[in-house]
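What follows is one structure encoded as structure tokens, with my remarks underneath.
The values are calculated or read from the model by the stated rules, or taken from the named source; none is laboratory data. Because the structure is a prediction, the values reported are computed rather than measured. As a convention, Cβ positions derive from the backbone with ideal geometry for all residues, glycine included, and neighbour counts pool all protein chains shown. For the accessible areas, the whole protein counts, side chains as well, though only heavy atoms, and no ligand, DNA or RNA atoms are used. Shrake-Rupley method; radii C 1.70, N 1.55, O 1.52, S 1.80 Å.
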Amino acid sequence: MNGKELVRITDVTKVFKKTGFFRGSSSVLALDNISLSVKKGEILGIIGESGSGKTTLAKLILGLLKPTSGSISFADVRNHEHESRKPAVQVIFQDPYDSLSHMMTIGEIVAEPCFIKYGRSYVPEKVRQALESVGLIPVDEYLHKYPHTLSGGQRQRVAIARAIVTQPDMIIADEPISMLDCSIGVDILNLILEMNEKSGITFLFITHDIAAATYICNNIAVMKAGKIVEYGPKKQIISQCSHEYTDSLLASARGEVIKNY
Amino acid sequence: MQVLKIQGLTVDFSTKAGIHHVLKNVDLSIGKGEIVGLIGESGSGKSTLAMTVLDLNSRNRIVSGSIRFMDEELMTLDKEKIRKIRGSHIGFVPQSSMNALNPLMRVKRQFVETIKSHTDMPLQQMVELIARTLAMVSIDPARGDSFFYEFSGGQRQRLMIALSMLLSPELIIADEPTTALDATVQSKIIDLLKNMVLQKHTSMLVISHDLHTISRVCDRIYIMYAGKIVETGTREEILTRPRHPYTQKLLSSRLSLMAEPVKVNGIPGNPPSVLKEYFGCSFLERCDRASLVCKTEKPPECIGNVKVACHFEGES
């Protein structure tokens, strides 16, 4: 593993076994021998249709699922005191209407990861900083609000604040804008870009919208039926894609009629 | 001839928190064979408009204005008569089509149920009609015996479209038909909607927040903001010469395919609260062009020949 890589995924296969009560068992191949590396400080886009295994990949990196075969390795990162440790990974989920607890205030939601990580000794100032950096200003107004009083865009900002509060090295954003209006979605994308530039957080941006991916990503991987069918820098994907699925995605983003896909 | 003509429709809902002013003096008309788009952000009242036409939201509702469907005033009809119109004359594709059908009934039975409640068709004819409609949306008629959850997202959406078309209604209202679908599936659904309208000679009202996707099929477009129509025009007018600042911002917040990094700006600020009454323009706080007159005077209403609800219409 060279110095630039943060996560390397080698030959990962994930099979889901389905055991029906009457029908016997069947299995679904969600990821088929995937290899991918995420570089430090980049925004890597993963594009694919529903059921192509994008979210499974995210869950494997997060450690929520174990791969059936293959390995996922993390590079060591060094902090200011030059101690080496494994990178911290956080996640932003697709649906901001469901991913925030209705029973907790915004302050509690954002403080929870700190609480889990540092115990009672966490610094409350960090929560305020996180909310400030996602643009929920004035912070005092939002700290004691409940999620149901916020709009979709504001909720997604809370989800992002929750992800950045523990200062992770990498954030996995699983379709963060697909539930939002396009005018609000652009603001969220700009926020992700800003986080990437200012704090150097690595992003894994999962989406089915190729236009959004080309807007913020450095590199793009296209997934189809559990395989990565194309991988390359953004420019290369747009101008000289080789797979027909990428082509159909580009065509639908340009507003052309898709004939045979 | 106008299939649907809405004039001066105002809808308020009374709740514990106060009166929500959801629709304010909305004028909208749909001609025969026309596809009309209604675009607005979340909470602007698009779905309320559809629900009010279908009379599905009568709880706590205070409504005034007129809704004429095929020269019949819907506002004065009783519930039973509206129920007859709904489904047979006005088809509806609801917003959350992913879970709009009963998961415990086979798809075919739900189609039969719709036909039975409106006509006395013999069984053989019903089966033929269902098979024909399913084939039209390119779903294998043999799959009518499956359950709804056995279909994929795009297929479910197509089933809902087939169900709304079943009795060849004069008007179809499709509420966010492409939201929550993949990009490639979206364009297929859009093409399907267009083909269905051509084949069945119906009219259609498409509701969406995605101006760019929906505009491909629309003949005319209404832009809605905070319960008001702020701009209306043909597709070319809206896409090439938007005149209201909100429409201009909506269009410029689109992400296009680009290899070079270009900064795209969204629309800053939040949509206004429905609880407050605004004396001036409701877009005031998010508008670049806002000036004193916007604060004190209401902009012109989008009625009759007025196409843009902005004080500065015609200037710049």
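Things to note:
- Taking chain A as a Gaussian network of alpha-carbon nodes connected by springs under 10 Å, the highest mean-square fluctuation of the residues A:PHE93, A:PHE205, A:PHE16 belongs to A:PHE16.
- Summarised as an ellipsoid, region B:186-316 has semi-axes of 28, 20, 14 Å, derived from the eigenvalues of the Cα gyration tensor scaled by 5 and square-rooted, with the largest first.
- Of all the options A:ALA251, A:ALA30, A:ALA163, the one that moves most in a Gaussian network model of chain A with Cα springs shorter than 10 angstrom is A:ALA251.
- Among the protein heavy atoms of chain B, carbon and sulfur supply 53% of the accessible surface, probe 1.4 Å, non-protein parts ignored.
- For residues of B:210-216, the mean tally of beta carbons on other chains within 10 Å: 2
- Across all C-alpha atoms in chain A, the radius of gyration and Dmax reach 19.2, 59 Å.
- Exercise: per-residue mean of other protein chain Cβ atoms within 10 Å, A:207-216: 4
- Peptide B:38-48 - average C-beta neighbours from other chains (10 Å radius): 2
- Over the protein assembly as shown, DSSP H runs of length four or greater, each weighted -39,500 (n - 2.57), average out per residue to a 222 nm ellipticity of -9500 deg cm²/dmol.
- Distance histogram for region B:7-65 (every C-alpha pair counted, 10 angstrom bins, percent rounded to whole numbers): 20, 54, 22, 3, 0
- Between 0 and 90 degrees, the angle of helix A:152-164 with respect to the longest Cα principal axis of chain A falls at about 80 degrees.
- Between 0 and 90°, nearest 10: helix A:182-199 axis offset from chain A longest Cα axis: 70 degrees
- Inter-probe distance in nm under a simple model that places probes 7 Å from Cα toward Cβ, at B:VAL293 and A:SER73: 7.0 nm
- With Cα atoms, 0 to 90° folded angle of helix A:124-133 axis to chain A main axis: 50 degrees
- Cα-Cα over 23 Å, subset of A:LYS198/A:LYS227; A:LYS59/A:LYS227; B:LYS79/B:LYS307; A:LYS4/A:LYS235; B:LYS228/B:LYS276: A:LYS198/A:LYS227; B:LYS79/B:LYS307
- Equivalent ellipsoid, region B:194-259 (semi-axes from 5 times Cα gyration tensor eigenvalues, Å): 22, 16, 10
- Prolate/oblate/rounded call for region B:40-106, Cα gyration tensor, a/c under 1.5 rounded: oblate
- For B:LYS228, solvent-accessible area (1.4 Å; no DNA, RNA or ligand), Å²: 40 Å²
- Other residues lying with their Cβ under 13 Å from the Cβ of B:VAL107 contribute a combined charge of +2, Lys and Arg counting +1, Asp and Glu -1.
- Across every pair of non-identical alpha carbons in chain B, the mean reciprocal distance, once inverted, gives a Kirkwood radius of 20.8 Å.
- Anisotropy class assigned to the protein assembly as shown is oblate, per the alpha carbon gyration tensor with a/c at or over the 1.5 cut-off and a/b no larger than b/c.
- Radius ratio Rg over Rh of region A:19-138, counting only Cα atoms, Kirkwood formula for Rh: 1.03
- Over 17 Å [Cα-Cα, region A:92-164], rounded percent: 34 percent
- For region A:92-164, with +1 on Lys and Arg beta carbons and -1 on Asp and Glu, the positive-most of A:SER121, A:ILE109, A:SER99 along the dipole: A:SER121
- Protection-proxy order for peptides B:303-310, B:140-147, each taking the mean of Cβ atoms within 10 Å per residue, highest first: B:303-310, B:140-147
- Estimated dipole of chain A in Debye, rounded to 20 [Cβ of Lys and Arg +1, of Asp and Glu -1, Cα centre]: 800 debye
- Mean accessible surface per residue for region B:1-154, computed with a 1.4 Å probe while every protein chain stays in place, in Å²: 49 Å²
- Cα-based shape type of region B:69-216, given that a ≥ b ≥ c are square roots of the gyration tensor eigenvalues and the cut on a/c is 1.5: oblate
- Chain B - Cys residues lacking any other Cys C-beta under 4.7 Å: B:CYS218, B:CYS287, B:CYS302, B:CYS310
- Chains A and B together bury roughly 2600 Å² of accessible area, counting both sides, with a 1.4 Å probe on protein heavy atoms only.
- Sequence-distant aspartates and glutamates (8 or more away, or on other chains) whose Cα lies within less than 20 Å of B:LYS108: B:ASP120, B:GLU128, B:ASP140, B:ASP145, B:GLU150
- Within the protein assembly as shown, percent of DSSP bridges classed antiparallel, to nearest 5: 60 percent
- The gain in end-to-end length when the B:LEU123 to B:ASN265 segment is fully stretched comes to 45.5 nm, 0.36 nm per residue minus the alpha carbon separation.
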